[in-house]
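Participant: Encoded as structure tokens, here's the structure I'll be asking about.
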Amino acid sequence: MSIKPFSLFFKNLRYLCKYNLKDFNTYISNLDNISKRIKHETKAEWDEIIVPKIKDSFSTLYELKDTNKSFIRFGDGEFTIIEGRDIPFQYYDERLKLKLLEILKNNYNSLLIGLSWEYYHSVDNTRDFSKRAMYTSIPNLYKIISKMIEPQKIYYSATISQVYALYKNYDFDKHFSLMREIWNNKPVTVVTGDRVLNNIEHNILDNAKKINYIYGPTMHAYKNFDELKKSIEKVDKDNILIFALGPCGKALAYDLYLSGYRVLDLGHAIKDYNEYKNGTAMTNRQVVKFFEPD
């Protein structure tokens, strides 16, 4: 069921509470004009809400497939760090916060920034665990997100990396086929946690021309930032750099982008494809396990 009827109900309730209903009896003959007043007042106030312009997942994949642009995603973890708090697999670090803010505010045409399309659209088709998160923990981030976004900027879908974990019904075949076309027959270097690939049976990158791996700590990788950056800088620039290393991976991706590499921050995509190919039943427990640190 869509959220829109509930939104309308609470919106109306909010405005009814602003008026003394007894006064309405006095003006009952003018009720039509009163309702128009409330309607226009409601619209004036709610139009102040800024909703980011976010392309959906397929539009994002086509953009990455048909261009040589780079891509860095922002989700709840990054915004939590920007707020000054730890997340399960990355301690808060002031330098990391400032780097994330710099990335989010960049104006480079060839660097796409991903936000979660699902934060601002109907989640009827998402799995139960994700749906609950959209109505409970995620709204806590809206205030800080609204401060960070630029109203006229076009953002792209951060959730291209976890569609199988997120959706109940979706064209997964099309999604993963488009994603694999991005690096088809091209050399790639993957920067990832040291345990991410332990249980992978189906590698989404197996159609690349060659694959090189650089491993960082699965937990709190930002402490190894300088060491990891030096290792990555030895890679030839014809490689697409693919990052699956949480907030540290985004900071690395940005610096390497500035150095002339094409970077793709794809996070959980390796695991997501593997679960899809295995036909894993994404129960609530399995979704929780999917997002836990490896």
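The values are calculated or read from the model by the stated rules, or taken from the named source; none is laboratory data. Computed from a prediction, not measured in an experiment: that's the story for all the values here. Don't worry about glycine lacking a Cβ; one is built from the backbone with ideal geometry, like all the others, and counts go over all protein chains shown.
Participant: Taking Ile87 as meeting all but one of (1) among the β-branched types (Val, Ile, Thr); (2) out of contact with any Asp or Glu (no Cβ under 9 Å at 6 or more places or on another chain); (3) more than 13 Å from Ile144 (Cβ to Cβ), write down the number of the exception.
Facilitator: (2)
Participant: Being at pLDDT 90 or above and more than 29 Å from Asn68 (Cβ to Cβ) is the filter here, so list the residues in the range 96-124 that pass it.
Facilitator: Of everything in the range 96-124, just one residue is at pLDDT 90 or above and more than 29 Å from Asn68 (Cβ to Cβ), namely Lys97.
Participant: From the list Ser146, Ser177, pick out the single residue that is exposed (fewer than 15 other Cβ atoms within 10 Å of the Cβ), over 24 Å from Leu98 (Cβ atoms) and either among the polar types (S, T, N, Q) or modelled with pLDDT of 95 or more (or both).
Facilitator: Ser177
Participant: Let me ask you something else. Answer yes or no: is there a residue in the range 208-221 that is in the same structural domain as Tyr119 (by TED's automatic domain parsing), surrounded by 14 or more Cβ atoms within 10 Å (Cβ to Cβ) and part of a helix (DSSP H, G or I).
Facilitator: yes
Participant: A follow-up question, please. Do you know which residues across the range 88-104 are among the charged types (D, E, K, R), in a helix (DSSP H, G or I) and surrounded by 13 or more Cβ atoms within 10 Å (Cβ to Cβ)?
Facilitator: Correct list: Lys97, Lys99.
The rows are residues; the columns are (1) basic (Lys, Arg); (2) crowded, with 20+ Cβ neighbours inside 10 Å; (3) touching a Leu at 6+ places or on another chain (Cβ under 7 Å).
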{"residue": "Ile242", "(1), (2), (3)": "no, yes, yes"}
{"residue": "Gly246", "(1), (2), (3)": "no, yes, no"}
{"residue": "Tyr254", "(1), (2), (3)": "no, yes, no"}
{"residue": "Gly260", "(1), (2), (3)": "no, no, no"}
{"residue": "Val263", "(1), (2), (3)": "no, yes, yes"}
{"residue": "Gly267", "(1), (2), (3)": "no, yes, no"}
{"residue": "Tyr273", "(1), (2), (3)": "no, yes, no"}
{"residue": "Asn278", "(1), (2), (3)": "no, no, no"}
{"residue": "Ala281", "(1), (2), (3)": "no, no, no"}
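So that you can scan it fast, the table gives a plain yes or no per residue for (1) modelled with pLDDT of 95 or more; (2) in contact with a helix residue (DSSP H, G or I) (Cβ under 6 Å, 6 or more places away or on another chain):
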{"residue": "Tyr213", "(1), (2)": "yes, no"}
{"residue": "Asn224", "(1), (2)": "yes, no"}
{"residue": "Glu233", "(1), (2)": "yes, no"}
{"residue": "Leu241", "(1), (2)": "yes, yes"}
{"residue": "Ser259", "(1), (2)": "yes, no"}
{"residue": "Val263", "(1), (2)": "yes, yes"}
{"residue": "Thr283", "(1), (2)": "no, no"}
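Participant: Could you please let me know if Arg85 is at pLDDT 90 or above, surrounded by fewer than 20 Cβ atoms within 10 Å (Cβ to Cβ) and in the same structural domain as Tyr254 (by TED's automatic domain parsing)?
Facilitator: yes
Participant: Another question, if that's okay. Yes or no: Gly75 at pLDDT below 95 and either surrounded by fewer than 22 Cβ atoms within 10 Å (Cβ to Cβ) or not hydroxyl-bearing (Ser, Thr, Tyr) (or both)?
Facilitator: Judged against the criteria, Gly75 is a match.
Participant: For Val235, are the conditions met, namely being part of a loop (DSSP other than H, G, I, E, B), in the same structural domain as His121 (by TED's automatic domain parsing) and in contact (Cβ under 8 Å) with a residue 24 or more places away in the chain?
Facilitator: Yes.
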